[in-house]
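Notes follow once the structure below has been shown.
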């Protein structure tokens, strides 16, 4: 069962090694600021493969009328201008 640990910013500074160990053991650590959740402490995850910019080049198609969006659709997304 995952235990949620809530600590103040100052306590997090003072207890960082212990909190880090808790995170690696599967617990969830939430750092609070003024009584409100502010940060989550999470373990670092190594990416298996480095990102390759442009790897989808030629695989995505944008229709010719992409920029011909009607005003009513734009208003639905952005609201009245």
When residues of region 1-21 are limited to those that are in a loop (DSSP other than H, G, I, E, B) and in contact with a strand residue (DSSP E or B) (Cβ under 8 Å, 6 or more places away or on another chain), the one surrounded by the fewest Cβ atoms within 10 Å (Cβ to Cβ): 2
Failed criterion for residue 44 (all others in (1) within 21 Å of the chain's Cα centre (by Cα); (2) assigned to a loop (DSSP other than H, G, I, E, B); (3) surrounded by 10 or more Cβ atoms within 10 Å (Cβ to Cβ) hold): (3)
Pairs with Cβ under 9 Å, 6+ apart, first in region 53-71 and exposed (fewer than 10 other Cβ atoms within 10 Å of the Cβ), second modelled with pLDDT under 90 and part of a loop (DSSP other than H, G, I, E, B): 71/81
Those residues of region 22-39 which are surrounded by 11 or more Cβ atoms within 10 Å (Cβ to Cβ) and either part of a helix (DSSP H, G or I) or over 21 Å from the mean Cα position of the chain (by Cα) (or both), in sequence order: 22, 23
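The values are calculated or read from the model by the stated rules, or taken from the named source; none is laboratory data. Model, not experiment: these values are computed from the prediction. Glycine also receives a Cβ, built like all others from the backbone with ideal geometry; neighbour counts cover every protein chain displayed.
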